[in-house]
Every structure is written in C-alpha cells, then in structure tokens.
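These notes are about the structure you will find just below.
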Amino acid sequence: QVIKCKAAVMWEANKPFSIEEVEVAPPKAHEVRIKIVATGICRSDDHVITGTLVMPFPIILGHEAAGVVESIGQGVTSVKPGDKVIPLFVPQCGECKSCLNTKGNLCSKNDIGAARGLMSDGTTRFTCKGKAIHHFVGTSTFTEYTVVDEFAVAKIDSAAPLEKVCLIGCGFSTGYGAAVQTAKVEPGSTCAVFGLGGVGLSVVMGCKVAGASRIIAVDINSDKFAKAKELGATDCVNPKDFKKPIHEVLIEMTGNGVDYSFEVIGRTETMTAALACCQYNYGVSVIVGIPPVAQNINFDPMLLFSGRTWKGCVFGGWKSKDSVPKLVADYMKKKFVLDPLITHTLPFSKINEGFDLLRTGK
C-alpha cells in the first residue's frame, strides 16, 4: 500500500527544503521501494536548487544513499525485501549500447541529461498535498521511502554500515573511479586534482591507490589541505597565493606538466586550467565536476593538437549494478577508508543546515 512518510520537498528553485508528509505509492512491475537509512549531501543536489542543473519542480532531491528494500514489484529478481541496497543514479539496464560496450557506463535509461523527473514508465510515485512530485535522477533519496526501477538499485553486503557506504552511491565512487577507471593513473605518475570536496578527496585516494608518485591538490580554500594530505596529497597549492595562472604554476612545479589532471569543481575556467597544466603531448585531463548549464568553453585547440587527451566521466566510469557491490566489498576489506569524507552527521530534519555547511565549504 501507499506509505506516508517525511520527505524534503523542493517546491521551487533558490528556496530552502520543506520537510513535508508525502505519499509514496507502492512499486509497480520491475520497481523497488526502499527505506532510506542514510543519504549524503552532494553539490549536484545544490546545482538543481541554484538552477545550474535544470530539473522540473517540485522535486525530491538526493542521489547518494543506502537503505533497505521494503517491498518489490512484480518481476523483480535481483533484490528482495530486507536486502541492504544502494540506489543508482547511473542505472545499468544491461541492454543499451553503453551497457553492452566494455568502455561505456552511462546507461541510456539515465535521467541526468534531458531530465523528465519521472519513473521509466513516465509517472511519479510521490504526491504531497495532492500534487505530483518529481523524482531526481531516478533515485530521490531525501525521503524516508523512495521507489526506483530495478535497473537502478544494487544489492550490497548485509554487514555493510549504511551510514558509511552511502558515499559509494556517488561521491566516493565518482572520484575514486575517475582516477583508477577513467584516467587509469599509472604507478610513478604525477597528478593534479582541482577541488577538494568529497569527490576531489576521493580522486586523491584513487591516485594514491594507483601508485602516483606526486599528487598536487589545488583549492582556493586552504582549510581543505590538511585532509588532502592525510588522504595522499603530496603538495597543496592555493591559486590565490600566486600572481600567475595556476596552470603555469603547476607546469613549473613539475617541469613538464602533470601526467593526469582532474577538474572536480564544475567551472569552465578550471576545466581549461586543468587541461593546460597536463603534459602537452601525453597528458590526460578528466572533467569530473558537473559542467554549468548553457556555458561554453573557449580554449586554444593547440592544447589538444599537441597530443593531450580530454575526457569526461560520470560516476567514475563504473558500470553501476556490477561495480557498486564490489566497491562495498572492497570497503569491507579495508581497501579504502570513507570516514575522513564524512564531516558532519545530522538528523534528517536539519537538511537545510547540511546544505549551509556545504555552501560555506565546511
């Protein structure tokens, strides 16, 4: 039946979240209803609020979470009630060209680009005050219960601590995968990471695991440097400390530019700086931060002509349904840590305070 529960509804852009009672419809065929136990706050959620990422309102945001299956629709075989799961904002249908190609992971069933804010059958499972509420990238985790398509949920180890592994639903996997999966950082290489939020720090961890000999962390907030060093950064650079452009600073520091650079902010200026700071002939630069809508990049094509590679990656290049359970297993085997990425733990009712902490860089 319908579940009534609390959810943080975003009625319109640039307003605070409103904690409301919502009705969550039961799952239809090939759908799964999940009790959300823990959810992370991600800059991508904030981009919707500010209009940088265009989505239909009213909407329930949130996409980095972990929970327990409450009920399943007809025909669901990969999970059952009681299973611990992570919802997948990049789904894996297993049938589209990206899913079938070994190099691809951005399943065509995603709702990121031309977002409809609906389930794959074109309807919503949320209502509030008699109004239909949109879903967000097929997950909508800022609610006590959500409904997702079966191809957008992964069953994980029943012993996993949900308040930690929820980060594998987005931030950690996105950054870590950008280094080990998309860039394929090699032992002994040099790396630069622009932006030291949770995703940027996860890139640092990925570069370290891959054996990079030098990891230069770049941020305009020097308060972030201690944690970056704790997680593997060898150098920390604040662009505000220099008169010259940051890419020139990095080229001087390394003699020839870095082998790999990562832009984990979502700003066009830093994307071109990250490209320019990598080695002119074989450097690889990866765009990890969501680019702002309706902004174009102007850059000198010689930067690419000389041999550099410019790449993007969504969700760290991982095929989600296959990879998320393995990443959780790796966490359980202590192959990487997640605790340093968690700065605050708040009750659901304080979600607006959580976003204030995000916006002030805390």
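The values are calculated or read from the model by the stated rules, or taken from the named source; none is laboratory data. Values in this document were obtained by computation on a predicted structure and should not be read as measured data. Glycine also receives a Cβ, built like all others from the backbone with ideal geometry; neighbour counts cover every protein chain displayed. For the accessible areas, the whole protein counts, side chains as well, though only heavy atoms, and no ligand, DNA or RNA atoms are used. Shrake-Rupley method; radii C 1.70, N 1.55, O 1.52, S 1.80 Å.
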Pick from ASP339, ASP219, ASP157: which is most flexible by mean-square fluctuation in a GNM of the chain where alpha carbon atoms under 10 Å apart are linked?
ASP339
Please give the FRET efficiency for ARG267 paired with LYS28, using the beta carbon to beta carbon distance and R0 = 25 Å, rounded to the nearest 0.05.
0.05
Mean-square fluctuation maximum in Gaussian network of the chain, Cα pairs under 10 Å, restricted to VAL24, VAL90, VAL249, hits VAL249
With r as the distance between the Cβ atoms of LYS326 and SER158 and R0 = 22 Å, compute the FRET efficiency 1/(1 + (r/R0)^6) and round to 0.05.
0.90
Sticking with the crude label model, points 7 Å out along Cα→Cβ, report the distance from ILE342 to LYS227 in nm, one decimal please.
1.3 nm
What are the residues whose amide H is under 5 Å from the amide H of GLY266, where those residues sit 5 or more places off or on another chain and H is modelled from the backbone?
GLY289
Just to verify a number: what accessible area does SER213 come out at with the full protein assembly present, 1.4 Å probe, Å² rounded to tens?
70 Å²
Rounded to the nearest 500, what is the 222 nm mean residue ellipticity of the chain from helices alone, with -39500 (n - 2.57) per DSSP H run of 4+ residues and division by all residues?
-6000 deg cm²/dmol
For VAL237, other-chain or 5+-apart residues with amide H closer than 5 Å (H placed, Pro excluded) are ALA217, VAL218, ASP219
Step through the residues of segment 34-51 one at a time and calculate ³J(HN,Hα) from phi using the Karplus curve (6.51 cos²θ - 1.76 cosθ + 1.60, θ = phi - 60°), rounding each to whole Hz and writing x for Gly and Pro.
10, 8, 7, 9, 8, 9, x, 9, 10, 4, 4, 4, 5, 4, 5, 4, 8, x
Starting from the Cα-Cα distance between LYS333 and VAL68, subtract it from 0.36 nm times their residue separation and give me the gain in nm to one decimal.
93.2 nm
Magnitude of the charge dipole, the chain, Cβ model with Lys/Arg +1 and Asp/Glu -1, debye to 20:
360 debye
Solvent exposure ordering (accessible area, 1.4 Å, most first) of ASP121, ASP46, ASP259:
ASP121, ASP259, ASP46
Using only the Cα atoms of segment 14-128, build the gyration tensor, take square roots of its eigenvalues as a ≥ b ≥ c, and label the shape rounded, prolate or oblate: rounded if a/c is under 1.5, else prolate if a/b is larger than b/c, else oblate.
oblate
Looking at the chain, send over the antiparallel percent of its DSSP beta bridges, to the nearest 5.
60 percent
Inter-site label distance for LYS80 and LYS184 at 7 Å from Cα along Cβ, in nm
4.0 nm
Can you pull the one-decimal nm distance between simple spin-label points at PHE57 and GLU252, each 7 Å off the Cα toward Cβ?
4.6 nm
What are the lysines whose alpha-carbon lies under 16 Å from the alpha-carbon of LYS28, with same-chain residues fewer than 8 places away excluded?
LYS80
May I ask you to rank HIS63, HIS247, HIS344 by accessible area, largest first, using a 1.4 Å probe over the protein chains only?
HIS344, HIS247, HIS63
Distance-filtered residues of segment 274-309 - backbone nitrogen under 19 Å, label point 7 angstrom along ALA13 Cα→Cβ:
290-296
Taking a probe of 1.4 Å and leaving out DNA, RNA and ligands, the chain shows per residue an accessible area in Å² of 44 Å²
For LYS319, give me every one of the aspartates and glutamates with a C-alpha distance below 13 angstrom, ignoring sequence neighbours fewer than eight places off in its own chain.
GLU95
For LYS184, what accessible area in Å² do you get when you roll a 1.4 Å probe over the heavy atoms of the protein chains, rounding to the nearest 10?
120 Å²
Accessible area, 1.4 Å probe, largest first: how do THR174, THR309 sort?
THR309, THR174
